[in-house]
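Participant: Got a structure for you, questions after.
The values are calculated or read from the model by the stated rules, or taken from the named source; none is laboratory data. This is a predicted model, so every value here is computed, not measured. All Cβ positions, even for glycine, are placed from backbone atoms using ideal geometry, and neighbour counts span all protein chains on display.
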Amino acid sequence: MKRAIERLGGFVLAGLDWLGGVAILAVTALRVGPRRPFGWGDIVKQMAEQGFGSLPITTFISLFIGMILTWQFAWALKDFGAVMTLGYAASLALVRELIPTVIAITVGAKMAAGMAAELGSMKVTEQIDAVAALGANPIKKLVWPRVFAATFATPLLVVWGNVVALGGGMVIGEKWGVPAGYFYETYIDMLVPLDYIATLSKGFIFGFIVGIIGCYQGFNAKTGTEAVGVATTETVVATSICVIVADFYLTLVFF
Amino acid sequence: MSAPDPIIRFDRVCKSFGDHVVYEDMNLSVFAGETLAIIGGSGQGKSVCLKMLIGLLRPESGDITYRGESVLALDAEGLRQLRKRIAYVFQGGGLFDSMSVFDNLAFALREHTRLTDAEIRTRALRCMDMVGLSADMLDGMPSMLSGGERKRVAMARAIVMEPEPEVILYDEPTTGLDPKNIARIGRMIVKLQRELSVTSVVVTHDMPTAHRVSNRIAMLYDKKFPFVDTADKMWDSSVDTVSDFIHGTLRKAADGPTQ
């Protein structure tokens, strides 16, 4: 019993230590990042890698989420003879919740894992120390462009994901006898400005979480190539948990 | 006549990682223009010494001074300026994999100067020439280079700053190289020291290189540098701990320093 409590205590302390480390990195990145030179070259490179590089998977996932959810709703609504309300039913779930969250957990975790692996490898091979030794600030040079790019690329991907999911829903709607135009109109009709604000805000915040966790995990990778693998795996888990928790609180704030 | 003031001074420095104590009241001085080799067993913390000097690691207590100014008291801008004057050649080269050789060399110049790319290229070519590398390597990627070439590119990157650095720190510059490249790197260290009049600190456990390139050798033992002397005297030392380490027997390593 005592050992179990000790283990639990150790787990809690390690979690708090991790959260503190992430918070300090976030504050430092926000403090040193916006200073001149802004580092547009590095930011554009990261935006291209993280944003454009994630378009295919975002498209694929969003299309299938849109189709699956619409199918499920259609299946449920047909018993009530309310299949024509399919657009109303699908829009809120997709725009408010599923698209931003699933994109952050899948595409975002991919981004974060990539950052953790790249920065972890750089740490192991002393490239991060080399950045500092050459007189540059590693947080400004390495963390800031990645966090900035993730923060702004994720909402753009969420917007694109919403468009694709709507398209997927329209395809399935046709299958259940709901004309695509009608599905579109009811889908959009259900949404209010707050829903657009919520889906974009979630994109921004999830993107920031993804960026900062990926960079923190990379910077804190232990030495050895195996450690990079561990850091990458932990990043996916940490990102997923933090996104889900943040999603809960954001939902409480918005709705 | 009094001895000259050291350019670098470690004064009663203590450093540990968790329970592992690396330095305990460690003192060490490096004089302008000399090449000091730091020797000692693997994992004892030789590189830690170099990293503390440029502020990559911070000791728990004691002081480290460069030209009489405490490194530990420097703010971020102070450290940035210090790192323009003290260059660091990392063990594996520390080259940025995602950048070309040219971009690696240009990194510090872009960070600290307003030179144009053409001016940077001219300077990079001169540094490549100084370390015996051909100009056509400049546009290649670090992954295309051999181990010896990577180390020499790292040396070129270390001296590329304008003005040239006052001190070059070499972290295990010959590790993982074949005898021919070890000799070549040794010659480069001596050449750069002579041509640029820099002060050099070479961390190594390659004894022939330490003897060949350095004026003095400091041996890390029991968390301090109890043995610091000229390279020849250290090479011929009658102190068991020193001669055992230098000549490779290490038979009394666990017994502590003996006279």
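Participant: Could you list, in sequence order, the residues of the range A:104-114 that are more than 13 Å from chain B (Cβ to nearest Cβ) and either over 18 Å from residue A:48 (Cβ atoms) or not β-branched (Val, Ile, Thr) (or both)?
Facilitator: A:104, A:105, A:106, A:108, A:109, A:110, A:111, A:112, A:113, listed by residue number.
Participant: Of the residues A:98, A:69, A:77, which single one is assigned to a helix (DSSP H, G or I), under 19 Å from the mean Cα position of the chain (by Cα) and in contact (Cβ under 8 Å) with a residue 12 or more places away in the chain?
Facilitator: A:98
Participant: Let me ask another. Quick check on residue A:161: is it within 22 Å of residue A:86 (Cβ to Cβ), surrounded by 24 or more Cβ atoms within 10 Å (Cβ to Cβ) and out of contact with any Asp or Glu (no Cβ under 8 Å at 6 or more places or on another chain)?
Facilitator: yes
Participant: Next question. Could you tell me whether any residue of the range B:51-62 is closer than 27 Å to residue B:195 by Cα, more than 12 Å from chain A (Cβ to nearest Cβ) and in a strand (DSSP E or B)?
Facilitator: no
Participant: In the range A:86-95, how many are of a type in the set (Ser, Thr, Tyr) and either under 19 Å from the mean Cα position of the chain (by Cα) or under 10 Å from residue A:66 (Cβ atoms) (or both)?
Facilitator: 0
Participant: Inside the range A:99-112, can you point out the residues that are aliphatic (A, V, I, L, M) and surrounded by fewer than 24 Cβ atoms within 10 Å (Cβ to Cβ)?
Facilitator: Across the range A:99-112, the qualifying residues are A:102, A:105, A:109.
Participant: Going through A:157, A:77, A:92 one at a time, which residue ends up being in contact with a Ser or Thr (Cβ under 8 Å, 6 or more places away or on another chain), farther than 30 Å from residue B:172 by Cβ, away from every other protein chain (no Cβ under 12 Å) and modelled with pLDDT under 95?
Facilitator: After applying the criteria, what remains is A:77.
Participant: If you don't mind, another one. So which residues in the range B:107-150 are under 20 Å from residue A:133 (Cβ atoms), within 14 Å of chain A (Cβ to nearest Cβ) and basic (Lys, Arg)?
Facilitator: Within the range B:107-150, B:110, B:150 qualify.
Participant: Conditions first: (1) within 14 Å of another protein chain (Cβ to nearest Cβ); (2) under 23 Å from residue A:55 (Cβ atoms). Residue A:169 passes all but one, so which condition is the exception?
Facilitator: For residue A:169, the exception is condition (1).
Participant: Next question. Mind counting the residues in the range B:202-219 that are in a strand (DSSP E or B) and touching a Leu at 6+ places or on another chain (Cβ under 9 Å)?
Facilitator: Summing the residues that are in a strand (DSSP E or B) and touching a Leu at 6+ places or on another chain (Cβ under 9 Å) in the range B:202-219 gives 5.
Participant: Right, next: Of the residues A:207, A:218, A:211, A:173, only one is closer than 19 Å to residue A:62 by Cβ and within 18 Å of the chain's Cα centre (by Cα); which?
Facilitator: From the options A:207, A:218, A:211, A:173, the qualifying one is A:207.
Participant: Now for a different question. Would you be able to tell me the number of residues in the range A:12-39 that are modelled with pLDDT under 90 and among the aromatic types (Phe, Trp, Tyr)?
Facilitator: Adding up the residues that qualify gives 1.
Participant: How many residues, within the range A:1-44, are surrounded by 11 or more Cβ atoms within 10 Å (Cβ to Cβ) and basic (Lys, Arg)?
Facilitator: The total comes to 2.
Participant: Then there's this: Restricting attention to the range A:117-154, which residues are within 14 Å of chain B (Cβ to nearest Cβ), among the β-branched types (Val, Ile, Thr) and under 22 Å from residue A:35 (Cβ atoms)?
Facilitator: Within the range A:117-154, A:128, A:131, A:139 meet the criteria.
Participant: Select from the range B:27-50 the residues that are within 14 Å of chain A (Cβ to nearest Cβ) and of a type in the set (Lys, Arg) and list them in ascending order.
Facilitator: Scanning the range B:27-50 gives no hits.
Participant: Hey, can you tell me all the residues within the range A:116-139 that are of a type in the set (S, T, N, Q) and either without any contact (Cβ under 8 Å) to a residue 24 or more places away in the chain or surrounded by 20 or more Cβ atoms within 10 Å (Cβ to Cβ) (or both)?
Facilitator: Hits for the range A:116-139 are A:125, A:127.
Participant: Also, quick follow-up: Would you mind listing the helices (runs of 4 or more DSSP H) fully within the range A:110-211 where at least 3 residues are under 30 Å from residue B:89 (Cβ atoms) and in contact with a strand residue (DSSP E or B) (Cβ under 8 Å, 6 or more places away or on another chain)?
Facilitator: Answer list for the range A:110-211: A:127-133.
Participant: Kindly list, by first and then second residue, each pair from a residue in the range B:91-105 that is more than 9 Å from chain A (Cβ to nearest Cβ) and assigned to a loop (DSSP other than H, G, I, E, B) to a residue that is among the aromatic types (Phe, Trp, Tyr) and crowded, with 20+ Cβ neighbours inside 10 Å, limited to pairs with Cβ atoms under 9 Å and residues at least 6 apart or on different chains.
Facilitator: So the pair list comes out as B:99/B:107.
Participant: With the requirement that a residue be more than 13 Å from chain A (Cβ to nearest Cβ) and either aromatic (Phe, Trp, Tyr) or surrounded by 13 or more Cβ atoms within 10 Å (Cβ to Cβ) (or both), what does the range B:69-86 give you?
Facilitator: Across the range B:69-86, the qualifying residues are B:70, B:71, B:72.
Participant: Follow-up question, since we're still on this one. For the range B:63-90, how many residues meet the condition of being assigned to a strand (DSSP E or B) and without any contact (Cβ under 8 Å) to a residue 40 or more places away in the chain?
Facilitator: Of the residues in that region, 2 qualify.
Participant: Which ones in the range A:206-229 are surrounded by fewer than 24 Cβ atoms within 10 Å (Cβ to Cβ) and modelled with pLDDT of 90 or more?
Facilitator: A:208, A:219, A:220, listed by residue number.
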